[in-house]
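Worksheet for the structure shown next.
Read-outs throughout are calculated quantities, based only on the coordinates presented, and are distinct from any laboratory measurement. Computed from a prediction, not measured in an experiment: that's the story for all the values here. Ideal geometry is used to build each Cβ from the backbone, glycine not excepted, and the neighbour counts take in all protein chains shown.
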Amino acid sequence: MKLSEMASLDEVIEQNRQDAEFIEEWDKGTLARALATAVVAYRVKHGLTQRGLASVTGLTQPAIARLELGEALPNLPTLVKLSRASGLTFVLEVQRGSAALSAA
């Protein structure tokens, strides 16, 4: 299959909106994806490699790579290190069975 023939991410999500298992898995990753987006955006904006960001934050390059994959949430001490070194603010909102993360 050619890349041009593949469905976009939005199309895949829309096609699977009625699949409860898919939605549950997709929703589980929302926070990790939001954090990944913030970390990548910060790193690119500041012209840093993963190694460079690792050096600034005191994390390892593999830890930065895992954050950027957006597959799992980091622990609180990792978020604190990242925030302290980058100046990013992370806001976690949990209410009525859902959670959202924003970074500024």
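Brief remarks on what is shown
- Matching residues, the stretch 61-77, being in a helix (DSSP H, G or I) and either polar (S, T, N, Q) or within 10 Å of Leu35 (Cβ to Cβ) (or both): Gln61, Leu67, Glu68
- Where a residue in the stretch 78-100 is touching a residue at least 40 places away in the same chain (Cβ under 8 Å) and under 13 Å from Ala38 (Cβ atoms) and its partner, wherever it lies, is loosely packed, with under 10 Cβ neighbours inside 10 Å and not basic (Lys, Arg), with Cβ under 6 Å and at least six apart: Ala100/Glu93
- Unique residue being more than 28 Å from Ile13 (Cβ to Cβ) and in contact (Cβ under 8 Å) with a residue 12 or more places away in the chain when the list is Ala34, Ala38, Ala63, Ala72: Ala63
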